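The values are calculated or read from the model by the stated rules, or taken from the named source; none is laboratory data. Quick caveat: nothing in here was measured; it's all calculated off a predicted structure. FYI the Cβ positions are ideal-geometry reconstructions off the backbone, even for glycines, and counts take in every protein chain you see.
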Amino acid sequence: MSGDAEPLLRVRGLTKHFPVRDGFRSTGAVRAVDGLDFDVRPGETLGLVGESGCGKTTTGRMLVRLLEPTAGTIEFAGRDITHARRGALRPLRQDLQIIFQDPYASLNPRHTVGRIVAMPLQVNGITPPGGVKKRVQELLELVGLNPEHYNRYPHEFSGGQRQRIGIARALALQPKLIVADEPVSALDVSIQAQVINLLRDLQRDLDLAFVFIAHDLAVVRHFCHRVAVMYLGKIVEIGDRDDIYQRPQHPYTRALLSAIPDVTTLGPAGRIRLTGDVPTPLNPPSGCRFRTRCWKAQDRCATEEPALVPRGGNQATACHFPETGTISPDPGPAGESSAGPVDATAAEVSK
């Protein structure tokens, strides 16, 4: 990965509003995603983190054009695909894949595993050396499944095994970019580490880029080069992994990081507990959307929406009164470079 490389994926002003209707009359809109700007370079992993309902999954589905954006632009490999039709998207599908959050809902229960994983090859008219069946069995083995599972059906597998099938299907065409929507949330701790190591090896060997959607901040720290923190449809902070985890500037980012379990301490020492519920995206707060739960909020926060602006290095924050100071890096595997292996027994990988 090179920081000087042209972005593989460029997103500007990406917005998705879902209309709310009372019969035939529109009564408002759910502002699920409200103006996102970010880039992903070849071979890079960008992590999207935040509370449930912040718009992470909606963003991922728009990136692969499973949802039509309300506004903004999506450029992939230099081409504007924001409103591209199915025929124009078909050549790009080989390079742009997704791993779904719910593995069972994304697998056809009437198809065998072999047919599910082979489908991308057949649709695109690709016949790999040795035949489709051999390639599918290689993919199953690559993700830790038995090649003899070729003729089994999805209901015969556990949730974690079904997620591995989804990963194998996404890898079938050797894409350039994979949107991974909670790819390890259904797996137990030791398998999480194995799958993360697998994705990292594939990234290195195939020069893959990832948009990695997750709520487990420890896993994100192991796998991602950069991290974008979302709150109520907006990115409130984005930057290099070490900057985000050691020098968080947005109060919300600091609160999220304080919730990571630390086996070296007992009790809730250092935990920042946010008061109140997440506001509804039907009617988000004026100004800064986090101000209703922020301990630093002032009058300006209610009237002026903070812009996402650089505040030193490769870090940008949307806050009128950013945090200062550093958080000491955790010892052990969490502090290693992204090129290093994940310890399958590391406490940092556990939820």
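Tabulated data
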{"read-out": "Looking only at the range 316-350, and only at residues there that are of a type outside the set (A, V, I, L, M, F, W, C), under 27 Å from Gly276 (Cβ atoms) and in a loop (DSSP other than H, G, I, E, B), the one that is modelled with the lowest pLDDT", "value": "Gly325"}
{"read-out": "Test: residue in the range 20-30 that is on the phi < 0 side of the Ramachandran plot, surrounded by 20 or more Cβ atoms within 10 Å (Cβ to Cβ) and either outside any loop (DSSP other than H, G, I, E, B) or of a type in the set (Lys, Arg) (or both)", "value": "no"}
{"read-out": "Subset of the range 129-148 (residues that are surrounded by fewer than 16 Cβ atoms within 10 Å (Cβ to Cβ) and either polar (S, T, N, Q) or in a loop (DSSP other than H, G, I, E, B) (or both))", "value": "Pro129, Gly130, Gly131, Gly144, Asn146"}
{"read-out": "Filter result (in contact with an Asp or Glu (Cβ under 9 Å, 6 or more places away or on another chain) and either part of a loop (DSSP other than H, G, I, E, B) or on the phi > 0 side of the Ramachandran plot (or both)) within the range 84-127", "value": "Phe100, Gln101, Asp102"}
{"read-out": "Spans of strands (runs of 3 or more DSSP E) in the range 188-248 with at least 1 residues crowded, with 23+ Cβ neighbours inside 10 Å and over 12 Å from the mean Cα position of the chain (by Cα)", "value": "226-231, 234-240"}
{"read-out": "Among the candidates Thr280, Thr253, residue that is assigned to a helix (DSSP H, G or I) and within 22 Å of Thr57 (Cβ to Cβ)", "value": "Thr253"}
{"read-out": "Candidate set from the range 89-126 (those that are among the basic types (Lys, Arg) and surrounded by 15 or more Cβ atoms within 10 Å (Cβ to Cβ)); member that is nearest to Glu148 (Cα to Cα)", "value": "Arg115"}
{"read-out": "Counted residues, the range 173-187 - those being in a loop (DSSP other than H, G, I, E, B), at pLDDT 85 or above and either closer than 16 Å to Ala105 by Cα or within 12 Å of the chain's Cα centre (by Cα) (or both)", "value": "2"}
{"read-out": "The range 23-48 residues that are free of Cβ contacts under 8 Å to residues at least 40 places away in the same chain and of a type in the set (Gly, Ala, Ser), paired with ones that are part of a strand (DSSP E or B) and surrounded by fewer than 18 Cβ atoms within 10 Å (Cβ to Cβ) (beta carbon under 6 Å, 6 or more apart)", "value": "Ser26/Pro19"}
{"read-out": "Of the criteria (1) touching a Pro at 6+ places or on another chain (Cβ under 8 Å); (2) small (Gly, Ala, Ser); (3) surrounded by fewer than 18 Cβ atoms within 10 Å (Cβ to Cβ), which one Gly35 fails", "value": "(1)"}
{"read-out": "Flag for Ile167 being part of a strand (DSSP E or B) and either among the β-branched types (Val, Ile, Thr) or surrounded by fewer than 19 Cβ atoms within 10 Å (Cβ to Cβ) (or both)", "value": "no"}
{"read-out": "Among residues of the range 1-45, those that are more than 19 Å from Thr280 (Cβ to Cβ) and among the small types (Gly, Ala, Ser), counted", "value": "6"}
{"read-out": "Residue in the range 58-80 that is touching a residue at least 40 places away in the same chain (Cβ under 8 Å), in contact with a Leu (Cβ under 6 Å, 6 or more places away or on another chain), in a strand (DSSP E or B) and on the phi > 0 side of the Ramachandran plot present", "value": "yes"}
